[in-house]
1. Which pairs have Cβ atoms under 8 Å, sit 6 or more apart or on different chains, and link a residue in the range 213-241 that is under 19 Å from His156 (Cβ atoms) and in a helix (DSSP H, G or I) to one that is open to solvent by less than 50 Å² (accessible area, probe 1.4 Å) and of a type in the set (Phe, Trp, Tyr)?
2. For the range 248-263, enumerate the residues that are of a type outside the set (Phe, Trp, Tyr) and either assigned to a strand (DSSP E or B) or open to solvent by 10 Å² or more (accessible area, probe 1.4 Å) (or both).
3. Confirm whether Thr24 is over 12 Å from Gly264 (Cβ atoms), of a type in the set (Ser, Thr, Tyr), open to solvent by less than 80 Å² (accessible area, probe 1.4 Å) and touching a residue at least 60 places away in the same chain (Cβ under 8 Å).
4. When the range 22-78 is examined, which residues are found to be outside any strand (DSSP E or B) and basic (Lys, Arg)?
5. Taking the stated definitions as given, is Leu15 under 25 Å from His159 (Cα atoms) and either of a type in the set (S, T, N, Q) or open to solvent by less than 30 Å² (accessible area, probe 1.4 Å) (or both)?
6. If I filter the range 113-124 for residues that are part of a helix (DSSP H, G or I), more than 14 Å from Ile5 (Cα to Cα) and touching a residue at least 12 places away in the same chain (Cβ under 8 Å), do I get at least one hit?
7. Taking the range 79-112, which residues are under 17 Å from the mean Cα position of the chain (by Cα) and assigned to a loop (DSSP other than H, G, I, E, B)?
Amino acid sequence: MHVKILTDSACDLPLAFYRNAGVTLLPLKVQLDGNEYEDIKMIQPKMVYEAIRNGKTPKTSQVSPFLFEKIFTDMAEKNEDGLYIAFSSQLSGTYQTAMMILDQVKEKYPDFGLTIVDTKCASVGQGLIVKEAAKLAADGASKETILKDVRFRAQHMEHLFTVEDLEYLAKGGRVSKASAFLGGLLNIKPLLNMEDGKLVPIEKIRGKKKLLHRLIEVMYERGAHLSEQTIGISQADNEETAEEIRRMIEEAFHPKEIYISDIGSAIGSHTGAGTIAVFFLNQLP
């Protein structure tokens, strides 16, 4: 039986990917200027960054419970087998809502075979897992095989990222206002990662050049067989730095592939413009 792959827009894959790979998109929501938009489908990240620059604070919310119910019920009625690869439960209530709706749908359709995985990942870290799962599903792999791969990659996916301005993370309660102010003053850039699905600052580095070199060093320290991997880069209105880091990664590791994607409106609402993130595995399947 073919395994249907579902994911939410927090994985920051472009709209064309869903059409081409046959993956079901569950969009998060972005609220701006009194309007609510579906991430990727109805709002472009540039709109969000423009709003932030003009002093506005976009808000985000999880995938609509109604949409979960509609899609899950439709799958259950068609007796489809599926796997929903979800955004970190530490950063959004989306996973918890999906689990709740699944329980409700199963009351009516007890044999419904949907499995939901909390990846504890975000952006292209989640996206790389989805891409691999879609490839396996297209090749006719069993659900057990796909699930094993998804869980392994989720457990071993490294997220390294930096933000242009600590102010955006401060607004979201990610860092203190004082450290945000100090950062801007001294050109100090934070290097952050994900630990058990949460955002954790690991170092503060003065100046962009030093920061990018340190990022490559941390990849050396944490990555496994990077030449055999697809390495992900996501960027928020910062193509120049994304290209610079791509060249540095290419030179240092000669990976199998480097996949670059834009940070979507939902995640971009919290990071602001200028964010750069790099994703790779610390162990290979």
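1. So the pair list comes out as Met219/Phe253; Met219/Phe280; Arg222/Phe280; Leu226/Phe253; Leu226/Phe280; Ser227/Phe253.
2. If the condition is that a residue be of a type outside the set (Phe, Trp, Tyr) and either assigned to a strand (DSSP E or B) or open to solvent by 10 Å² or more (accessible area, probe 1.4 Å) (or both), then Met248, Glu250, Glu251, Ala252, His254, Pro255, Lys256, Glu257, Ile258, Ile260, Ser261, Asp262 are the ones that fit.
3. no
4. Those that are outside any strand (DSSP E or B) and basic (Lys, Arg): Lys41, Lys46, Arg53, Lys56, Lys70, Lys78.
5. Details: under 25 Å from His159 (Cα atoms): yes; either of a type in the set (S, T, N, Q) or open to solvent by less than 30 Å² (accessible area, probe 1.4 Å) (or both): no.
Judged against the criteria, Leu15 is not a match.
6. So in the range 113-124, the residues part of a helix (DSSP H, G or I) come out as 123-124.
Narrowing further to those that are more than 14 Å from Ile5 (Cα to Cα): 123-124.
The next check asks that each one be touching a residue at least 12 places away in the same chain (Cβ under 8 Å); those that pass are 123-124.
Yes, the range 113-124 contains a residue that is part of a helix (DSSP H, G or I), more than 14 Å from Ile5 (Cα to Cα) and touching a residue at least 12 places away in the same chain (Cβ under 8 Å).
7. Residues satisfying the conditions are Phe87, Ser88, Ser89, Gln90, Leu91, Ser92, Gly93.
The values are calculated or read from the model by the stated rules, or taken from the named source; none is laboratory data. Predicted, not measured: the structure shown is a model, and the values here were computed from it. Cβ sites come from the backbone with ideal geometry, for glycine too, and all protein chains shown count toward neighbours. Side chains are part of the model used for accessible areas, which takes the heavy atoms of the whole protein and leaves out ligands, DNA and RNA. Shrake-Rupley method; radii C 1.70, N 1.55, O 1.52, S 1.80 Å.
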